[in-house]
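The values are calculated or read from the model by the stated rules, or taken from the named source; none is laboratory data. None of these values were measured; they are calculated from a predicted model. Don't worry about glycine lacking a Cβ; one is built from the backbone with ideal geometry, like all the others, and counts go over all protein chains shown.
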Amino acid sequence: MIEIRPGIGIDENELQFTFIRAAGPGGQNVNKVSTSVQLRFDVLHSSSIPDEIKPRLIQLGGSRMTDDGILIIEARRYRTQDQNRTDAVQRLITLIQKAAKQEAPRFSTHPTRASQIKRVDSKKKRGVIKRNRKSSPIDWE
């Protein structure tokens, strides 16, 4: 069980890892060893994640989500499978923690009377400056 936060944990059996060859660091091993990790996690059918978190997780997943509701995280930052696997799991944990955090509700506010007056005064001053730039036909003669 991977602990996300108190009350939320992921069963390790729900994670699927596939190892693929990766470009980037690795020296001569880069063409021989499959060090890049592809982590697949089925968000829609997961029993570990509460239902109220799933929509936010799908939204945060963005282009990493498939049409079937599977989240795919690719990790190829390191030269070893083990480090990339740990990195992928850590990125999944971070994403779920972000989805689990509830945002504070927003309340609409209205501008104060003083700020409205200040705004209108600044617009009037700007208009006077622009009006004074115009040359009148009297000046042409």
Run down Thr86, Thr80 and say which single residue is modelled with pLDDT under 80, β-branched (Val, Ile, Thr) and farther than 26 Å from Glu103 by Cα. Thr80
Of the conditions (1) within 23 Å of Gln102 (Cα to Cα); (2) at pLDDT 80 or above, Pro6 clears all except one; give me its number. (2)
Single residue of the range 48-67 satisfying the filter (in a loop (DSSP other than H, G, I, E, B) and touching a residue at least 12 places away in the same chain (Cβ under 8 Å)) that is surrounded by the fewest Cβ atoms within 10 Å (Cβ to Cβ): Pro50
Which numbered condition Ile117 fails, given (1) in contact with a Leu (Cβ under 7 Å, 6 or more places away or on another chain); (2) more than 30 Å from Leu39 (Cα to Cα): (1)
Checking Asp42 against (1) of a type in the set (Asp, Glu); (2) under 22 Å from Ile20 (Cα atoms); (3) out of contact with any Lys or Arg (no Cβ under 9 Å at 6 or more places or on another chain); (4) modelled with pLDDT of 85 or more, only one condition comes out false. Which one? (4)
Regarding the range 20-38, can at least one residue be identified that is touching a strand residue (DSSP E or B) at 6+ places or on another chain (Cβ under 7 Å), under 18 Å from Lys98 (Cβ atoms) and at pLDDT 75 or above? no
